[in-house]
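Below is one structure, written out as structure tokens; the observations come after it.
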Amino acid sequence: MKTGISDLFPPQEEAIRCGVLEGKTLVLASPTASGKTLTAELCALRHVIELGGKVIYLTPLRALANEKYEEFRKYQTLQKHDGRRVRVGISTGDFDRRDPWLNRYDIIVATNEKADSLLRHRSEWMNALSLVVADEIHLLNDSERGPTLEVVLARLMQINPQIQILALSATIRNVDELATWLKADYVTTDWRPVPLSEGVLLHQEIQMKDGGASTIEKHARTPSINLAIHIVKSGGQALIFTSTRRNAVSAARKVGNELQPFLSKPTQRALRLVSKRMLMAGERTRVNELLAELVKNGSAFHHAGLGGSLRKLLEDAFRKGKIKVLAATPTLAFGVNLPARAVIIQDYRRYEVGYGYYPIAVLEYKQMAGRAGRPKYDKTGEAILVAKTDDERDYLMESYIMAEPERIWSKLAVERILRPHVLSTIAAKYAHTEQGVYEFFSKTFYAYQYDPKAINIVIAKILRFLHNEKMVDVSGKNVTATTFGSRISELYLDPASAVLLRDALNNRAPYLTDLSFLHMIARTPDMYPKLRPYSREIDQLAIFAEDHKEEFMFPPPSDAEDNHELEEFLGEVKLGWVLQSWIDEVTEDQMIERFRVQPGDLYRLIRTAEWLLHASRELARLLGHKDLVPLVSPLMERTTKGVRAELLPLVRMEGVGRVRARILFNSGLKTLKDLKHSPVNRLTALPLIGSRLAKKIKEQVGGFVKRNQWEKLENEDGEQQSLAKYS
């Protein structure tokens, strides 16, 4: 196949000189867009095509996994040495599976958590891996995501000491330590295909790192907005990073008010089309409507509260240059690739409940700055911090622009984090003795950086907990997992969550309802992050809790206990209530109004709830509570679909979600039998049921459709597809 690549970037050349194509383990630390992914692709193709090997590509996020999967798919036209074509697969969810079907694929893209779950299930095909690519390896420094990646790499090195590891990262300070742990060489460089200029904006003047200075026009009261407009006027796009979602929305509004005069007529037409599509992306909410209105003016906001379909439309429109200014929270810096001519860091401080405001890490600044400059479009990229005073300008220049990123430190030796990894080491039989457990964790990055005795103290405490809770048995020197312990590990549960679920299922609530199980899973440590009750909600939540106290598996804290415990309990009540409202078909817009839970947050809660309900059902079976299984199974499906029980047969059909299912049901089409015998024109007459969907429904339920009606549907289907392609 032709790729159009004639020359390699310097970091790619250096990686090849270091032997990355000869099987050498390597840490490649270089800025965004410097060619790390192509290096991984070349390395993967050598393993698959020339050596007959198998490759796993690890990412920290599902969105990033999807992006990398699409990049690798272009190689599926190539042939391996045995004549078969290269096959690329992806797996990011459903942790309670061995996924033997992945054995058919040569290159597998997976999240770190999915890889961890596959190792816990001892998926046989993982023994055949010859290359692991660990993307964003600097996230070892992240207290939530880092430990899983660290354990996965240590485990892969344990089961196959000869495996090649290619670790990819932005520039990190202690790359030598990381490389030594991995027994790797390393390449580290600041080279970028688009040179980066860094500076600080104070009022209307930009002071650059190289000593240069420039002045921008004043269009609005906010300096970051003036800078964004300046960038757009010069033909570029801008990313504005803000500390909160509210600030992102505010910035998008402010810049949108000023952008209209600088948009060409074709751009305005394209933006109106994007706006219309946003209104049709999922359920219509105030978030869709606000974003769709802003997009008409060439600005938008991006944060984790956006639903998946809306976020994809937004990202595609920005990549194609239609949206000119995107205001985003820092989560974007660690997610999908969205470069821009200029990156404007409006807020360098973050707010965290219980801690207040604190300055971001230099590493986080470097991640955001790395988004500046679009290869093939921009001659230079600009990363600009915004200051309010002369003193603050000096501080930002010294503490961020001139500073080196912090060292990466392992975050593994925390009991809550380490607990499931200790259990899985025993349950999956990677260690058979207590000493074997200690030996495995002595090979981790944490043990390399610190005294291994420190982590051994935590492990010993965890082993006592696991033994006391009957998850492991000890016989002489041997340590084995009980049936209960093995199942917990396979279910990818924190053992503390499993204890909570076990006790709740054993003791039960006085009056069992859907809310009983929803509140039960809301209480587990695995339901993270928790929902925080706002002060205006406290009284309402307390009344709700009092009204439903007979349904809870756990008694509310007494008045004598501290406010923190009560607030935590009410947060769990709120989460249970949110999930209850979802399965009662409360609309997404009503969820925003009632609970301040936005679609993206809601979908993450739903995915976690589905997994925990599955785990609850499996534990109920294991513990002999057969009467609970018929209660939890439909609840799990209803949580996935967001419907009352009466709609389950309808939403199981492809193309029919909760909104369309309710339309069908309310029109009298309540069962598959009703749909089978319904005239096709009755379907097409309903709101949101066009000819394409009517055709798909009829194909799924069967039933007689006259030939002329079927041909008419197919013609309308073809016309709609042509229209969609044209638009």
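The values are calculated or read from the model by the stated rules, or taken from the named source; none is laboratory data. These numbers were taken from a predicted model, which means no experiment stands behind them. Cβ atoms come from the backbone with ideal geometry, glycine included; neighbour counts cover every protein chain shown.
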Identify the residue in region 552-570 that is in contact (Cβ under 8 Å) with a residue 40 or more places away in the chain and crowded, with 19+ Cβ neighbours inside 10 Å and, among all such residues, is farthest from PHE595 (Cα to Cα). MET553
Can you tell me which residue among GLU41, GLU50 is surrounded by 17 or more Cβ atoms within 10 Å (Cβ to Cβ) and either modelled with pLDDT of 90 or more or out of contact with any strand residue (DSSP E or B) (no Cβ under 9 Å at 6 or more places or on another chain) (or both)? GLU41
Residue pairs qualifying under the 6 Å Cβ cut-off, at least six apart or on distinct chains, with the first in region 56-74 being over 21 Å from LEU153 (Cα atoms) and in the same structural domain as ILE137 (by TED's automatic domain parsing) and the second being among the acidic types (Asp, Glu) and assigned to a helix (DSSP H, G or I), are none
Return the pairs, sorted by first residue and then second, in which the second residue is of a type in the set (Gly, Ala, Ser), the first residue lies in region 462-484 and is in contact (Cβ under 8 Å) with a residue 60 or more places away in the chain, the beta carbons are less than 8 Å apart, and the residues are 6+ apart or on different chains. PHE484/ALA498
Can you tell me how many residues in region 67-94 are in a strand (DSSP E or B) and not polar (S, T, N, Q)? 4
Exactly one of (1) part of a loop (DSSP other than H, G, I, E, B); (2) under 27 Å from the mean Cα position of the chain (by Cα) is unmet by PRO193. Its number? (2)
Among the residues of region 534-558, what is the count of those that are outside any helix (DSSP H, G or I) and of a type in the set (S, T, N, Q)? 1
Working only within region 600-655, note down all residues that are acidic (Asp, Glu) and under 22 Å from ASN666 (Cβ atoms). GLU637, GLU646, GLU654
Any residue in region 676-691 that is closer than 15 Å to LEU650 by Cβ sitting within a Cβ distance under 7 Å of a residue that is surrounded by fewer than 19 Cβ atoms within 10 Å (Cβ to Cβ) and of a type in the set (S, T, N, Q)? List the pairs, counting only those 6 or more apart or interchain. LEU686/SER667
Would you be able to tell me the number of residues in region 506-533 that are in a helix (DSSP H, G or I) and over 19 Å from THR639 (Cα atoms)? 2
Tell me whether region 574-583 contains one or more residues that are among the polar types (S, T, N, Q), crowded, with 21+ Cβ neighbours inside 10 Å and modelled with pLDDT of 95 or more. no
Total residues in region 363-391, condition on the phi < 0 side of the Ramachandran plot and surrounded by fewer than 16 Cβ atoms within 10 Å (Cβ to Cβ): 8
In the list LEU648, LEU623, which residue meets the criterion of being out of contact with any Asp or Glu (no Cβ under 8 Å at 6 or more places or on another chain), surrounded by fewer than 17 Cβ atoms within 10 Å (Cβ to Cβ), under 30 Å from LEU500 (Cα atoms) and modelled with pLDDT of 95 or more? LEU623
Pick from ASP451, ASP473: which is at pLDDT 95 or above and of a type in the set (Asp, Glu)? ASP473
Might you check whether a residue that is outside the structural domain of PRO599 (by TED's automatic domain parsing), in contact (Cβ under 8 Å) with a residue 12 or more places away in the chain, small (Gly, Ala, Ser) and in contact with a strand residue (DSSP E or B) (Cβ under 9 Å, 6 or more places away or on another chain) occurs anywhere in region 264-284? no
Select, from LEU201, LEU149, LEU168, LEU139, the only residue that is under 21 Å from THR331 (Cα atoms) and in a strand (DSSP E or B). LEU168
Region 240-265, residues that are in contact with a Phe, Trp or Tyr (Cβ under 6 Å, 6 or more places away or on another chain) and β-branched (Val, Ile, Thr): VAL249
Would you be able to say whether some residue in region 592-608 is of a type outside the set (Val, Ile, Thr), in contact (Cβ under 8 Å) with a residue 24 or more places away in the chain, buried (at least 17 other Cβ atoms within 10 Å of the Cβ) and in a loop (DSSP other than H, G, I, E, B)? yes
Any residue in region 360-380 that is under 17 Å from ARG173 (Cβ atoms) and of a type in the set (D, E, K, R) sitting within a Cβ distance under 8 Å of a residue that is modelled with pLDDT under 90 and in a loop (DSSP other than H, G, I, E, B)? List the pairs, counting only those 6 or more apart or interchain. LYS366/ALA170; LYS366/THR171
Test: residue in region 338-349 that is at pLDDT below 90 and within 16 Å of ALA300 (Cα to Cα): yes
Considering (1) at pLDDT below 95; (2) surrounded by fewer than 17 Cβ atoms within 10 Å (Cβ to Cβ); (3) assigned to a helix (DSSP H, G or I), say which one SER633 fails and leave the rest. (1)
Looking only at region 441-473, how many residues end up being in a helix (DSSP H, G or I) and at positive phi? 0
Candidate set from region 287-312 (those that are surrounded by fewer than 21 Cβ atoms within 10 Å (Cβ to Cβ) and hydrophobic (A, V, I, L, M, F, W, C)); member that is farthest from the chain's Cα centre (by Cα): LEU290
Can you pull out the helices (runs of 4 or more DSSP H) entirely within region 213-289 that have at least 1 residues that are closer than 19 Å to HIS203 by Cα? 223-233, 245-259
